[in-house]
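What follows is calculated from the coordinates using simple rules that are stated; it is not laboratory data. Just so you know, these numbers come straight off a predicted model, no measurement behind them. Positions of Cβ are backbone-derived with ideal geometry, glycine not excepted, and every protein chain shown enters the neighbour counts.
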Amino acid sequence: RIAILAEREQLVGDFYGQDSVEHADALQLLAFEYYSAKRWAEDAALRARALSIRRKVQGDRSSDTLYAVRSLGQSLENDHRPREAATALGEVLAAWKHGETSLADAVEHSVPHGRTVEGQALGMASALHARLTLAAGDPTAALSSARIAAASSLAYRRGFGFGVLDEQMIEGAERNPASYTGEDYFSEWSRLYANALWAASPDDPAAKAD
């Protein structure tokens, strides 16, 4: 299967162009086979190529780019390269950050409002970056990303209305949030934010705002 998908990736790149969204899709499809086989280095190499294309063609504020960088971050982490993972995530997330000083500020100015694909993808990428940088002993970087993640989940939750269907969707999201956020529970991002606040508070004045 890997050989077939590798040949397909080359054909797609030749037909649509090496810097096309279609080629990025083909690279990620091939990468998934390496991911499934736990061949992390090969998986990460393909995902890095796909991310480079998406950043060039779609930009850092695209949901496709956010999902791609999160997948790359996970692969690099699995390959015991957390610093590279954090660097890749940080570069893309920089396009979303505006010097937020509080959770309310992030909700208002930095994350998409409502139940958007971009909001979900942003929260997932931010949460991974926050976790990696917090583990690496950089609470300031972790706080910025954890704030975005918490704001994303809050904005997503506020995007629901008050009808019966909305209540059913809320219950479904909380029971099976991986379908919506990729995390175990919505509260995980808030807990991550609390941990980052605690770690950053002695040295970061911004941490005191929340």
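A few notes on this one:
- Simple Cβ-charge dipole of segment 59-148, Lys/Arg +1 and Asp/Glu -1, about Cα centre, in debye nearest 20: 140
- Computed from phi, the 3J(HN,Hα) profile of segment 37-52 under the Karplus parametrisation 6.51, -1.76, 1.60 (θ = phi - 60°) reads 8, 6, 9, 5, 5, 5, 4, 5, 4, 5, 5, 5, 5, 5, 5, 4 Hz, with x in place of Gly and Pro.
- Remark: segment 76-93, residue by residue, has Karplus-estimated 3J(HN,Hα) of 5, 5, 4, 8, 6, 10, x, 5, 5, 4, 5, 5, 4, 5, x, 5, 6, 5 Hz, where x stands for each Gly or Pro and the curve is 6.51 cos²θ - 1.76 cosθ + 1.60 at θ = phi - 60°.
- Taking chymotrypsin sites (Phe, Trp or Tyr not before Pro) across segment 1-78, none is in a DSSP loop with at most 11 further Cβ atoms lying within 10 angstrom of its Cβ.
- Pair V117, R83: separation of 7 Å Cα→Cβ label points (nm): 3.6
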